[in-house]
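What follows is a set of notes on a single structure, which appears directly below.
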């Protein structure tokens, strides 16, 4: 006949006891074990959020490994109406809506890393001054140009002066900066910018109710470009905090002086992408 007896608690106090021996990493080992079956993925053709998420993920993974030309082609492939932006004034930080949509803010100073620049020799400054004075005399004295219409004053007076001054300064400063000796000049190049920012709901049409990104386009034609064969180091890192803040505009582009026009999606910096890096003036 079995009899009741009390067991001592002393054996349970040791961690090496058989009764307390257990494996707490069973789930971790099961998760790290190699699966015998391929992962379950949603179908690409299914009408579900998971399928759409998979298609978008695969497209972005494919774009990360593409070249610059292929990325530009993928960005400009869909031709839709877009807002064309024109700067309405040349004053700095005057158009608040222009700053918001281009996400830019102009500062009237050099970056901090260039504030303590080395002292330039006085002879170099005198040579630069002489080149500028010769360009002014060439246009306003030796050429003996008469008065013209106000609309053509910049084209006939200012543009030739900048052209001559830029050519002379580039050749003069090439001995101070070896990058300029390898660069080339381009005048009146065609430059195009195209980007997406923000979203909107399509109000009417067969695509009504869908959410699409807002598209913007700038067609610019700068006076001149300096093309250099190598990329310059960044002036300010992307993570740096700048005192100037980009203004926030809560109004829709339709309520501002922006209009939708059926232009082609163009991204062009004035030259082939892998050959030259462009500086605008």
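The values are calculated or read from the model by the stated rules, or taken from the named source; none is laboratory data. Remember, it's a predicted structure, so these values are computed and weren't measured experimentally. Positions of Cβ are backbone-derived with ideal geometry, glycine not excepted, and every protein chain shown enters the neighbour counts.
Here are the numbers for this structure:
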{"quantity": "In region 208-222, the residues that are exposed (fewer than 12 other Cβ atoms within 10 Å of the Cβ) and assigned to a strand (DSSP E or B)", "calculated": "211"}
{"quantity": "Qualifying residues in region 162-184 (those that are surrounded by fewer than 16 Cβ atoms within 10 Å (Cβ to Cβ) and more than 17 Å from residue 232 (Cβ to Cβ)) - the one modelled with the lowest pLDDT", "calculated": "175"}
{"quantity": "Any hit, region 118-129, residues being in contact with a helix residue (DSSP H, G or I) (Cβ under 7 Å, 6 or more places away or on another chain) and at pLDDT 85 or above", "calculated": "yes"}
{"quantity": "Filter result (more than 19 Å from residue 261 (Cα to Cα) and out of contact with any strand residue (DSSP E or B) (no Cβ under 6 Å at 6 or more places or on another chain)) within region 191-215", "calculated": "206, 208, 209, 210"}
{"quantity": "Helices (runs of 4 or more DSSP H) completely within region 1-105 that count 3 or more residues being modelled with pLDDT under 75", "calculated": "26-32"}
{"quantity": "Cβ-Cβ under 7 Å pairs, at least 6 apart or on other chains, region 39-62 side over 24 Å from residue 75 (Cα atoms), far side modelled with pLDDT of 90 or more and in a helix (DSSP H, G or I)", "calculated": "41/54; 42/50; 42/51; 42/54; 43/51"}
{"quantity": "Any hit, region 143-156, residues being without any contact (Cβ under 8 Å) to a residue 60 or more places away in the chain, within 30 Å of residue 245 (Cα to Cα) and either in contact with a helix residue (DSSP H, G or I) (Cβ under 9 Å, 6 or more places away or on another chain) or surrounded by 13 or more Cβ atoms within 10 Å (Cβ to Cβ) (or both)", "calculated": "no"}
{"quantity": "Search result, residues across region 225-238 that are more than 14 Å from the chain's Cα centre (by Cα) and part of a loop (DSSP other than H, G, I, E, B)", "calculated": "229, 230, 231, 232, 233, 235"}
{"quantity": "Region 157-207: number of residues that are in contact with a helix residue (DSSP H, G or I) (Cβ under 7 Å, 6 or more places away or on another chain) and in a helix (DSSP H, G or I)", "calculated": "11"}
